[in-house]
1. In square angstrom, rounded to the nearest 10, how much accessible surface does residue 21 have for a 1.4 Å probe?
2. Quick query: amide H of residue 38 versus all other amide H atoms, modeled in the peptide plane; which residues come in under 5 Å with a sequence gap of 5 or more or a different chain?
3. Starting from 0.36 nm per residue, how many nanometres of slack lie between residue 92 and residue 43 once their C-alpha separation is accounted for?
4. Can you give me the % of accessible surface on the stretch 63-104 that is carbon or sulfur? Probe 1.4 Å, all protein chains present, nothing else counted.
Amino acid sequence: MTATLNETTLDAPVDVRFTATGIPLAVRYDGRVWVVAAEPVHWFDRDSWWPTRRSAPVGVGNVVDIERWRVQVRLGSSTSALRTFELRRDPLSEQWLLESIADN
């Protein structure tokens, strides 16, 4: 699956490699490794749990914070064009999703 600039939401599963301090180093997507080439941006959003009426047992932990990263990446060579990947990890999930891709 290859994304184009017009696609806004992909939700494609990806593997993300992190440093020991938790900063993304690389993203494996579409059979290729994209190397992080600029300082990534990290934030959290809140899940809209009320429309889904999702509940969790007491003591499960945080079920509403969605972790997000915006990373500028390029294929192995420093001459390849930069692209911006928006990554998301939903509450209670270990799987990272590539939410969108933009050409810089």
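The values are calculated or read from the model by the stated rules, or taken from the named source; none is laboratory data. Values in this document were obtained by computation on a predicted structure and should not be read as measured data. Ligands, DNA and RNA are excluded from the accessible area calculation, which covers all protein heavy atoms including side chains. Shrake-Rupley method; radii C 1.70, N 1.55, O 1.52, S 1.80 Å.
1. We get 120 Å² for residue 21.
2. 72
3. Between residue 92 and residue 43, full extension yields 16.0 nm more.
4. Roughly 48 percent of what the probe reaches on the stretch 63-104 is carbon or sulfur.
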